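The values are calculated or read from the model by the stated rules, or taken from the named source; none is laboratory data. All values reported here derive from a predicted model rather than from experimental measurement. Note that we place each Cβ from the backbone using ideal geometry, even for glycine, and neighbour counts take in every protein chain shown.
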Amino acid sequence: MSVRFGRRLPVVEVIWFDCLLFTGGWERHADVMRQRRQIRQRSVGYILADDRAGILLTGSLSQGGNVFGTLMIPRAQIKRVRRLERRA
């Protein structure tokens with residue numbers, strides 16, 4: 001997928017919940033349960049895609065049609081999406 005640099009893409013703030021990864025080694029069940037919590041994230045960027053699967057968000061666009069800092073946020077993890085105003 002190539003993105004035209006001059007095309008006006010929506011800029012949004014997405015509030016979403018991330019996963020929590022433990023060390024990967026053996027841990028006591030009680031310790032894991034005590035550390036369990038929701039990890040709330042706030043991401044801002046250009047929407048490349050928004051469908052049933054989720055939102056494809058990127059932080060930077062280049063004149064050559066490249067993107068940088070792209071993140072796929074699954075729909076089930078999204079709490080809120082707010083469109084941000086673009087100023088000239």
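Quick notes
- For region 10-30, taking the residues that are without any contact (Cβ under 8 Å) to a residue 12 or more places away in the chain, in a loop (DSSP other than H, G, I, E, B) and not hydroxyl-bearing (Ser, Thr, Tyr), the one that is surrounded by the most Cβ atoms within 10 Å (Cβ to Cβ) is identified as 27.
- Positions within region 24-52 being under 26 Å from residue 75 (Cα atoms) and among the aromatic types (Phe, Trp, Tyr), in sequence order: 46
- Of everything listed in (1) more than 14 Å from the chain's Cα centre (by Cα); (2) on the phi < 0 side of the Ramachandran plot, the single unmet condition for residue 49 is (1).
- Considering residues of region 48-63 that are without any contact (Cβ under 8 Å) to a residue 40 or more places away in the chain and part of a loop (DSSP other than H, G, I, E, B) only, the residue surrounded by the fewest Cβ atoms within 10 Å (Cβ to Cβ): 52
- Within region 1-51, restricting attention to residues that are modelled with pLDDT of 90 or more and of a type in the set (D, E, K, R), the residue that is nearest to residue 83 (Cα to Cα) is 13.
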